[in-house]
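Novice: Below is the structure I would like to discuss, written out as structure tokens.
The values are calculated or read from the model by the stated rules, or taken from the named source; none is laboratory data. Computed from a prediction, not measured in an experiment: that's the story for all the values here. Here the Cβ is made from the backbone with ideal geometry for all residues, glycine too, and neighbour counts use every protein chain on show. Heavy atoms of the whole protein, side chains included, go into the accessibility calculation; ligands, DNA and RNA do not. Shrake-Rupley method; radii C 1.70, N 1.55, O 1.52, S 1.80 Å.
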Amino acid sequence: MTKQRDILLTEVALRDGSHAISHQFTVDQVLDVTKALNDANVPYIEVSHGDGLAGSSLQYGLSRTNEMELIEAAASVADKSKIAVLLLPGIGTLHELKEAAGLGAKMARIATHVTEADVSPQHIAYAKELGMETVGFLMMAHMAPVEKLVEQAKLMESYGADTVYVVDSAGYLLPDQVRERIRALKQSIGVNVGFHAHNNLSLAMANTLAAIEEGATRIDGSVRCLGAGAGNTQTEVLVAVLERMGIETGVDLYKMMDLAEDIVAPILQSPQEITKDSLTLGYAGVYSSFALHAKRAAKKFDIDSRDILIELGKRKVVGGQEDMIVDVAAEIAAKKEKVLS
């Protein structure tokens with residue numbers, strides 16, 4: 001008999017981790033990872049382009065494999081785990097959502113900027129029509145006052161979301177800020193509250209535990225820290241920590257350790273660690289997926305990628321504005337040349 005889970009984990013390595021490997025997942029890799037996660041009894045596995053359904057583009061990064069093939073492959077080997085997809089309104093459409101559901105996706109995570117929940121009602125409603133579990137995903141949660149976050153969460157709840165997430169897309173929040181946000185949502189909405197962390201300031205685990213202590217029951221993790229920037233809360237480590245705390249996840253710790261070591265580690269182009277770029281993301285409050293874009297732009301213009309990220313933070317650039325990265329890099333390079341001439 002399966003134990004009651006205190007926390008429901010969503011593994012995001014096959015979506016958020018797509019950023020870390022430039023969206024180059026193959027069908028075989030997704031099959032191998034999904035089989036192992038399913039065998040370890042992970043409740044939800046998110047599969048899609050790093051920027052969600054239909055994210056494959058020159059602006060966001062071209063996928064090696066059509067994401068629908070990856071979703072179909074994952075669903076074909078997941079008999080215990082449910083496959084989840086991410087959709088950002090304005091990138092993904094109802095058409096992609098329907099196709100993903102038809103291929104076996106059971107959960108739709110509808111992601112908007114923290115102040116733009118009002119672009120999500122039709123996507124949440126349509127996911128419900130398709131029989132999917134629905135999640136409202138409020139990204140860059142540090143960029144709005146707590147009162148605004150609550151307002152936006154209430155909107156997503158009113159649209160039909162079964163869960164609303166506080167999403168620390170930049171890995172910028174401190175534990176007390178996480179506590180404040182989760183507590184406010186728990187007091188203000190009647191649906192499940194979730195939390196998604198990034199490790200750019202080495203606070204993903206601390207922030208996740210703070211969220212859980214304040215009542216969040218839906219938690220994201222990435223095995224081997226495979227995610228944008230410095231990655232997310234490391235799933236296998238989180239499972240171990242929660243077991244020590246007496247919090248039941250229902251996930252097999254040894255199988256997660258083996259998956260991390262034997263299957264996911266070889267996929268990584270380089271070990272996930274807090275580099276100067278990912279640290280700058282967290283320090284400046286910049287969207288974690290911007291790291292690779294900034295690094296490429298810095299190389300092109302022969303400037304420091306940190307200068308690009310700091311400037312993006314000053315301008316409060318958010319996900320969907322990746323095209324500004326090259327513009328900012330060009331401006332910094334022009335100023336540098338002017339100073340030198």
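Novice: Can you tell me how much longer the chain between Gln59 and Met245 gets when fully stretched, taken as 0.36 nm per residue apart minus their C-alpha distance, in nm with one decimal?
Specialist: Separation in residues times 0.36 nm, less the Cα-Cα distance, equals 62.7 nm.
Novice: How compact is segment 220-326 by the rule of thumb for globular proteins, expressed as Cα Rg over 2.2 N^0.38 Å?
Specialist: Working it through for segment 220-326, the quotient is 1.28.
Novice: Another question, then. What percentages, rounded to whole numbers, describe P(r) for the chain computed over all alpha carbon pairs with 20 Å bin width beginning at zero?
Specialist: Pairs per bin, as whole percents: 34, 60, 6, 0.
Novice: What does the charge dipole of segment 4-83 about its Cα centre add up to, to the nearest 20 debye, if the Cβ of each Lys and Arg holds +1 and the Cβ of each Asp and Glu holds -1?
Specialist: Dipole about the Cα centre, nearest 20: 60 debye.
Novice: If you look at just the Cα atoms of segment 265-325, how large are its Rg and its Dmax in Å?
Specialist: 11.7, 37
Novice: Can you tell me the convex hull volume per residue for segment 175-243, based on C-alpha atoms, in Å³ to the nearest whole number?
Specialist: In segment 175-243, the Cα hull volume divided by residue count equals 78 Å³.
Novice: When all C-alpha to C-alpha distances in segment 44-164 are sorted into bins of 10 Å, what percent of pairs does each bin hold, rounded to whole numbers?
Specialist: 15, 45, 32, 8, 0
Novice: Restricting to bridges with both residues inside segment 1-107, how much of the DSSP beta-bridge set is antiparallel, in percent to the nearest 5?
Specialist: 10 percent
Novice: Which lysines does Lys276 reach when only Cα atoms under 30 Å apart count, and residues fewer than 8 places away in its own chain are ignored?
Specialist: Cross-link targets: Lys295, Lys299, Lys300, Lys314, Lys316, Lys335, Lys336, Lys338.
Novice: Let me ask something else. If I take R0 = 22 Å and measure r between the Cβ atoms of Lys314 and Lys336 in this structure, what FRET efficiency does the formula 1/(1 + (r/R0)^6) give, to the nearest 0.05?
Specialist: Rounded to the nearest 0.05, the efficiency is 0.85.
Novice: Relative contact order for segment 261-341: what is it in percent, counting Cα pairs under 8 Å that are at least 6 residues apart?
Specialist: 28 percent
Novice: Take segment 112-236, compute every pairwise Cα distance, and split them into 5 Å bins from 0; I just need the percent in each bin.
Specialist: 2, 13, 23, 24, 19, 12, 6, 1
Novice: Name the residue farthest towards the positive end of the dipole of the chain from the options Tyr60, Val237, His293, assuming +1 on Cβ of Lys and Arg, -1 on Cβ of Asp and Glu, about the Cα centre.
Specialist: His293
Novice: Excluding residues on the same chain fewer than 8 positions from Lys35, give the lysines whose Cα lies under 25 Å from its Cα.
Specialist: Lys3, Lys80, Lys82, Lys98, Lys106, Lys255
Novice: Just the number please: accessible area per residue for segment 3-139, 1.4 Å probe, all protein chains included, in Å².
Specialist: Each residue of segment 3-139 exposes 35 Å² on average to a 1.4 Å probe.
Novice: Please state, rounded to one decimal and in Å, the Kirkwood hydrodynamic radius that segment 1-73 gives when every pair of distinct Cα atoms enters the mean of 1/r.
Specialist: Final number for the Kirkwood radius of segment 1-73 is 12.8 Å.
Novice: Filter the GluC sites (Glu not before Pro) in segment 263-341 to those in DSSP coil with at most 14 other Cβ atoms within 10 Å of their Cβ, and list the result.
Specialist: Glu273
Novice: Could you work out what % of the accessible surface of the chain is carbon and sulfur, using a 1.4 angstrom probe and leaving DNA, RNA and ligands out of the count? Before the final figure, lay out each step's value.
Specialist: Values: 6860 of 13970 Å².
The nonpolar share, carbon plus sulfur, comes to 49 percent.
Novice: Now a separate question. Against the 2.2 N^0.38 Å scaling, with N counting residues, where does segment 65-109 land? I'd like the Cα-based Rg ratio to two decimal places. Kindly include the intermediate steps, with their values, before the conclusion.
Specialist: On the way: Rg = 10.1 Å, N = 45, 2.2 N^0.38 = 9.3 Å.
Compared with the compact-globule rule of thumb, segment 65-109 sits at 1.08.
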